[in-house]
Every structure is written in C-alpha cells, then in structure tokens.
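The structure under discussion appears below in the form of structure tokens.
Please treat every number below as a calculation from the coordinates, not as lab data. It should be emphasised that the depicted structure is a prediction, and the values quoted were computed from it without experimental measurement. All Cβ positions, even for glycine, are placed from backbone atoms using ideal geometry, and neighbour counts span all protein chains on display.
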Amino acid sequence: MKGGREPQAGRADNMPLVTSHEVLRKAKRGKYAVGAFNANNMECVKAVIEACEELKAPVILQISQGAIKYAGLEMATAMVKAAAAEAKIPVVLHLDHGTSFEQNVQCLQVGFTSLMFDGSKLPYEENVETTKKVCEIAHAVGIGVEAELGIIPKIEDGYSKKEIEAMFTDPDQAAEFAKATGCDSLAVAAGAVHGMKSRGAGLDFDRITEIAKKTKLPLVQHGSSGVPLKTLQKAITCGICKINVATRVSMALLAGTKRAWDQDPEAKDFRPIFKEGMSEVRKVVSEYVHKLGCAGKG
C-alpha cells in the first residue's frame, strides 16, 4: 500500500503524535483543511495546541528552517513532542521546507511524523530524484511526505505579478511528478506569497482544481497568511487539504506581547507579558480552525 501503515487509534485520554496520512486523508474525504502552524517557540506551541484542543481540531505543528536555526532541531522537536504527549487531539510533527535528503533522514530519526522535501527551485529531474528517495525511506516506516512543485516566492524577493504567475505549478507536470515520486501531498504555487502581512493574494482556483483532479493528492497551500480567509475557503473546495500559517501567528504573538509590555513597561517578569501574546495566538488559530472547517474533526 502506498504511503505505509494504516492509521492507528490514539489513547482515550490523550494521543501520541500521529502521521500526516491520518489527518490529511480524512480532510480530503471530508472536504476540509487542517491548519499547519509553525513551532517557533514554546509560547506558540502551547497556544496553538490549546486553541485546537478547545475546538477539538487536529493540528499540524511544523518546524521550519528558521526554527531549526533559532532553537536547534533537538530543542524544537522536544517542544512539540512534550506538548503533543499531553494533548487530547491529533498532533502531527512536520518538517517544513526540508532542504535535503539528509535533513529528512535526520528528522525521521528524531521522531517526525511527516516529512517534506522542497526541491521546487531545483531542476525538475533533481526534484523528482530526491523526493522519490525521501518517499522511499519515509514509506518504509509509515510516514507521509509532502513535496513541492512550482515556486512560492517570498515577499522580500520582490517579484512582479507576471513573474509570480510564471512560477505557478503546471497541472500536467504535477500529475507526472506525483506518479514518478510517490509523494503523499503536494504544495502548489497558485498565487500565494510567503511572508505577506496583508491578506491581498489571490489564488488560481481553476489551476488548483485541475492539479487536484490530475494528481488525486491532498494539496497544500503555503503562504496562507497573505490570502483572504474566504479565498482559502474556496481553495478548500478545489482540493486544498493543508493550510500553512506562519506570519499571522508570529504577528499575533508580537502584537499581544507589545500591548502587555506597553501597559507595564517596568515589568521584570516576562511570563505575564508573553501570556498576552499567547492569547492573541489562540485567537488567530481559532479563527483559522473555524474557517478551515476542521473544528470538531479531532
């Protein structure tokens, strides 16, 4: 069977980490999407899980390359594992924008339950080759792999709209890629941009629909902080099953923390101040969970 073992039931009181197979296959069947939020520090991890527990929603906590540089892989991994061990909802530990085969092996060794290789900026053949290798090792132990085809730029890259459209994912090539690599989900480029503070990005719904039809895979929307919520909801009906949100969570943490510190600039204990930031993160995550349709699915 492609993709490894069948989902396993969690304990009644709390749940161990689950694989992306378990949550994304259900999302695809149920026509909703699961929120994927970055695990950049303890405050974000706790706030995200608290919000999802309250709404009984599954969640994907992903460790980005920035988080690995900031906290180190072991520390970042341990935070998610510790929080997930106490959670009463399905939690996936996912590698975001994996840079190499070797990094994916390392993440598999330390207990990730979802991998990603981002070879979108490599020559097509090299992207296929490395993605296939990652899938082979991951599938051997029942772990799913997200791949990326087409380029989702960063806001600081400064590309024009025409240049961004030239990097969109080609549906026919996506079908070929999915078959050649055996990947379990696919991040597609269809209009979003990483790191946008405002919600001004539009999406090519027809393209997303065609890719979903031709690949038959759960599709992933990166750069979702810059996409209007109504647009994301429409994209879900087209085949998007995982929605990545990083910038908006980070902005919420900063805004709440700043507001609390402004109210008490002489404070010497940072913990009450950070709690206000966590409160803002919970609000943002709750909004996404409701809009993505995954409330009550955990």
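Near the amide H of Ser114, under 5 Å away, which other amide H atoms are found, from residues 5 or more places off or on another chain, if H is placed in the peptide plane?
Leu93, Leu95
For region 31-48, take each phi angle, set θ = phi - 60°, evaluate the Karplus expression 6.51 cos²θ - 1.76 cosθ + 1.60, and give the result in whole Hz per residue in order, putting x for glycine and proline.
Running phi through 6.51 cos²θ - 1.76 cosθ + 1.60 with θ = phi - 60° gives 6, 9, 10, 9, x, 10, 10, 6, 9, 8, 7, 4, 4, 5, 4, 5, 5, 4 Hz.
Which of rounded, prolate or oblate describes region 252-294 when judged by the alpha-carbon gyration tensor and an a/c cut-off of 1.5?
prolate
To the nearest 0.05, how large is the calculated FRET efficiency for Asp172 and Glu287 if R₀ is 35 Å and r is the Cβ-Cβ distance?
Using R0 = 35 Å, I get an efficiency of 0.45.
Would you kindly derive the ³J(HN,Hα) couplings of region 123-135 from the backbone phi angles with the Karplus curve 6.51 cos²θ - 1.76 cosθ + 1.60 (θ = phi - 60°), listing them in order in whole Hz, with x for Gly and Pro?
My calculation for region 123-135 gives x, 3, 4, 6, 4, 4, 4, 6, 4, 4, 5, 5, 4 Hz in order.
Which of the lysines could a cross-linker bridge to Lys213, judged by Cα under 23 Å and excluding same-chain residues fewer than eight apart?
Within reach: Lys2, Lys26, Lys28, Lys31, Lys132, Lys179, Lys230, Lys234, Lys242.
Per residue, what volume in Å³ does the convex hull of the Cα atoms of region 20-292 enclose?
124
Take the alpha-carbon centre of region 206-259, take the same for region 57-129, and report the distance between them in whole Å.
Between the Cα centres of region 206-259 and region 57-129 lies a distance of 18 Å.
Determine which aspartates and glutamates satisfy two conditions relative to Lys283: a Cα distance under 16 Å, and not lying fewer than 8 residues away in the same chain.
Within the straight-line limit of under 16 Å, Lys283 reaches these aspartates and glutamates: Glu43, Glu50, Glu53, Glu54.
So, in nm, how far is label Glu86 from label Ile137 when the simple model puts each one 7 Å beyond its Cα toward the Cβ?
3.3
Report the extension gain between Gln263 and Gln65 in nm, rounded to one decimal, defined as 0.36 nm multiplied by the number of residues separating them, less their alpha carbon distance.
That pair, Gln263 and Gln65, stretches by 67.9 nm at full extension.
List the relative contact order of the chain as a percent without decimals, with contacts defined as Cα pairs under 8 Å and 6+ residues apart.
Relative contact order here is 22 percent.
Using only Cα positions of region 36-87, each an equal point scatterer, no hydration layer, compute I(q)/I(0) via Debye at q = 0.13, 0.20, 0.28 Å⁻¹ and quote the log10 values to two decimals.
Evaluating at q = 0.13, 0.20, 0.28 Å⁻¹ gives log10 I(q)/I(0) of -0.26, -0.60, -1.09.
Where does each of 275-286, 250-261 land if you order them by average Cβ count within 10 Å, highest first? If you can, show how the numbers build up before the last one.
Details: 275-286: 20.4, 250-261: 18.2.
Ranked by mean Cβ neighbours within 10 Å, highest first: 275-286, 250-261.
If you plug each phi of region 109-117 into the Karplus form 6.51 cos²θ - 1.76 cosθ + 1.60 with θ = phi - 60°, what whole-Hz ³J(HN,Hα) values come out, in order, with x for Gly and Pro?
5, 8, x, 5, 10, 6, 10, 8, 10
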